[in-house]
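Here's the structure we're looking at; comments come further down.
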Amino acid sequence: MEYRELVKTIPRTMREVLSNKLMDVLLEAKAGDAVPSSVAKTLLYYWQRDQLASEAGLTALLRAVVEADPVRSAAVIGDFGLEEIKLAISLKEE
Amino acid sequence: MKSFGIEFVPMELFWRTTYYTIQAEHLGYDSIWITDHFNNRNVYVSLSVIANYTERIKLGPGVTNPYLVHPVMTAQSVASLNEVASGRVICGIGAGDRTTLEMVGVEMKAPLRTVREAVEIIRRQIVREKGSYEGRLFKTSAGARFNFKVNDGIPIYIGAQGPKMLQLAGAIGDGALINASHPDDIERAVTYIRKGAEKAGRDPKEIDIAAYTSFSVAENEKSARKPVTPVVAYIVAGSPPFILEKHDIKVEKAEKIRSDLANRKWGEAFGAVNDHMIDTFAVCGSPDQCTEKIDNLFKTGITHFVTGSPLGPNIRASINLFGLEVLPNFKEQP
């Protein structure tokens with residue numbers, strides 16, 4: 001799954017709110033330890049610069065949250081009507 | 001000047017704790033304190049990761065203890081951390097928690113002397129003092145110096161609760177971390193700190209006095225009280241009788257909570273915690289209620305307010321709530 005390509009399909013107006021929702025999912029995920037430390041560090045890099053809603057920040061966030069809680073991630077993304085990304089997450093899960 | 005800090009217990013994955021510290025820095029907090037318990041993640045590993053992802057906020061152990069960590073090692077750790085976070089390192093040290101020390105067979109002997117000598121050694125190490133140190137409990141030879149230079153001073157804060165330790169904090173600390181939440185207890189603590197400073201010939205104004213509180217903020221009082229209940233159960237169980245009696249809490253009730261906690265009867269232990277106990281041993285409520293309580297604490301003479309565990313029902317939301325609705329009542333936002 002090419003996360004960067006998927007993130008490019010997310011409308012810019014949606015990115016801030018989506019990154020906020022996904023961060024909640026990530027912080028509450030029971031399988032947080034499934035997030036590779038390299039991905040976690042990339043995420044922190046963008047968060048420090050307040051760029052989690054940027055294309056690169058959102059890419060790192062999506063990668064992390066899909067590892068930590070794919071079911072809830074897919075549900076949140078579905079709520080935003082991002083069916084292509086939801087499908088990609090569901091396929092990864094299978 | 002009023003400062004605001006936040007305490008984290010590194011029970012969470014490193015990136016979660018670091019995420020929250022970045023959030024706190026963005027919102028204008030001044031200090032981050034990481035607890036030092038052998039059964040959680042290592043305090044200095046946590047701090048060095050945090051140092052890498054923050055720029056401004058001060059950070060340090062809150063608090064370490066000289067029973068499990070020799071002061072030369074504490075000095076080495078904070079001095080090394082200072083290379084990653086130049087001029088931002090602070091060091092909290094106290095006698096530690098008797099119950100935790102007993103778990104690893106360490107007896108808390110002569111706490112005042114131990115903390116005093118530890119502080120002296122840390123300071124000597126940081127400035128690469130020549131000559132040996134001959135304390136009653138700790139000794140270092142003339143050659144026990146760093147092979148590297150420390151470019152900044154590292155303020156040492158002494159964690160204290162009892163009258164003598166509070167006076168010691170006033171006598172030798174750059175700062176004091178008062179382990180209490182009730183205005184009466186904090187006012188009494190400030191008096192002891194000032195007394196200790198004056199006896200040592202110091203100006204009490206030189207000391208940064210922090211209330212290191214159990215804290216919880218939420219949109220409404222009920223939601224804020226829920227997460228603080230287990231923390232208060234442990235505080236009540238561990239409080240000496242004179243503190244309990246001073247706050248009209250029956251010693252037998254505290255003993256029952258202690259026994260229930262020991263027997264892992266969580267429901268009974270937490271169920272015995274009432275509103276009065278929460279108001280005595282925690283600062284919690286809605287943002288407006290917290291603002292009022294913190295304002296009252298600053299009137300006792302503290303200069304620094306630390307929000308300690310549990311912070312709130314949802315850590316991220318509570319840090320935001322504090323940063324956006326409480327902090328601006330006391331200081332300008334960054």
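The values are calculated or read from the model by the stated rules, or taken from the named source; none is laboratory data. This one's a predicted model, so the numbers in the text were calculated from it and none came from an experiment. Because the Cβ atoms are built from the backbone with ideal geometry, glycine has one as well, and the counts that use them run over all protein chains shown. The area values use the complete protein model at the heavy-atom level, side chains included, leaving out ligands, DNA and RNA. Shrake-Rupley method; radii C 1.70, N 1.55, O 1.52, S 1.80 Å.
Restrict the check to segment A:3-19 and report whether at least one residue is within 14 Å of chain B (Cβ to nearest Cβ), closer than 23 Å to B:I315 by Cβ and either open to solvent by less than 20 Å² (accessible area, probe 1.4 Å) or modelled with pLDDT of 95 or more (or both).
Step one: list which residues in segment A:3-19 are within 14 Å of chain B (Cβ to nearest Cβ), which gives A:19.
Applying the additional criterion that residues be closer than 23 Å to B:I315 by Cβ yields A:19.
Of the ones still in play, those that are also either open to solvent by less than 20 Å² (accessible area, probe 1.4 Å) or modelled with pLDDT of 95 or more (or both) are A:19.
For segment A:3-19, residues within 14 Å of chain B (Cβ to nearest Cβ), closer than 23 Å to B:I315 by Cβ and either open to solvent by less than 20 Å² (accessible area, probe 1.4 Å) or modelled with pLDDT of 95 or more (or both): present.
All conditions but one from (1) open to solvent by less than 10 Å² (accessible area, probe 1.4 Å); (2) more than 20 Å from the chain's Cα centre (by Cα) apply to B:I93; the one that does not is (2).
Of the residues B:A171, B:A218, which single one is under 23 Å from B:I93 (Cα atoms) and among the small types (G, A, S)? Before you say what the answer is, go through the steps one by one.
Numbers: B:A218 fails: under 23 Å from B:I93 (Cα atoms).
Within the list B:A171, B:A218, the selection yields B:A171.
For segment B:258-280, the condition holds for at least one residue, the condition being that it is touching a residue at least 60 places away in the same chain (Cβ under 8 Å), assigned to a helix (DSSP H, G or I) and open to solvent by 50 Å² or more (accessible area, probe 1.4 Å). Being within 15 Å of B:T303 (Cα to Cα) and not in a loop (DSSP other than H, G, I, E, B) is the filter here, so list the residues in segment B:193-203 that pass it. Within segment B:193-203, B:I193, B:R194 qualify.
Report whether or not B:P313 is away from chain A (no Cβ under 14 Å), within 23 Å of the chain's Cα centre (by Cα), open to solvent by 20 Å² or more (accessible area, probe 1.4 Å) and not charged (D, E, K, R).
Working: away from chain A (no Cβ under 14 Å): no; within 23 Å of the chain's Cα centre (by Cα): yes; open to solvent by 20 Å² or more (accessible area, probe 1.4 Å): yes; not charged (D, E, K, R): yes.
Considered against the rule, which asks whether it is away from chain A (no Cβ under 14 Å), within 23 Å of the chain's Cα centre (by Cα), open to solvent by 20 Å² or more (accessible area, probe 1.4 Å) and not charged (D, E, K, R), B:P313 comes out as no.
Please state which one of B:E332, B:E292, B:E325 is surrounded by fewer than 16 Cβ atoms within 10 Å (Cβ to Cβ), assigned to a helix (DSSP H, G or I) and either without any contact (Cβ under 8 Å) to a residue 60 or more places away in the chain or not hydroxyl-bearing (S, T, Y) (or both).
Values: B:E332 fails: assigned to a helix (DSSP H, G or I); B:E325 fails: surrounded by fewer than 16 Cβ atoms within 10 Å (Cβ to Cβ).
B:E292 is the lone residue from the list that is surrounded by fewer than 16 Cβ atoms within 10 Å (Cβ to Cβ), assigned to a helix (DSSP H, G or I) and either without any contact (Cβ under 8 Å) to a residue 60 or more places away in the chain or not hydroxyl-bearing (S, T, Y) (or both).
Of a type in the set (D, E, K, R), modelled with pLDDT of 95 or more and surrounded by 14 or more Cβ atoms within 10 Å (Cβ to Cβ): is that true of B:K299 in this structure? Spelling it out, it is not the case that B:K299 is of a type in the set (D, E, K, R), modelled with pLDDT of 95 or more and surrounded by 14 or more Cβ atoms within 10 Å (Cβ to Cβ). Among the residues making up segment A:45-84, those that are within 20 Å of B:T54 (Cβ to Cβ), part of a helix (DSSP H, G or I) and open to solvent by 40 Å² or more (accessible area, probe 1.4 Å) are A:Y45, A:Y46. How many of the residues in segment B:110-127 are touching a residue at least 24 places away in the same chain (Cβ under 8 Å) and assigned to a loop (DSSP other than H, G, I, E, B)? The total comes to 1. Pairs are defined by a Cβ separation below 8 Å, a sequence spacing of at least 6 or placement on different chains, a first member in segment A:53-68 that is of a type in the set (S, T, Y), and a second member that is open to solvent by 10 Å² or more (accessible area, probe 1.4 Å); the pairs so defined are A:S54/A:R15; A:S54/A:Y46; A:T59/A:Y3; A:T59/A:R4. Here is the figure for segment B:183-195: residues that are surrounded by fewer than 23 Cβ atoms within 10 Å (Cβ to Cβ), in contact with a helix residue (DSSP H, G or I) (Cβ under 7 Å, 6 or more places away or on another chain) and not basic (K, R) total 2. Counting only helices (runs of 4 or more DSSP H) wholly contained in segment B:10-89, the ones carrying 1 or more residues that are within 14 Å of chain A (Cβ to nearest Cβ) and either surrounded by 24 or more Cβ atoms within 10 Å (Cβ to Cβ) or under 20 Å from the mean Cα position of the chain (by Cα) (or both) occupy B:14-27, B:43-52.
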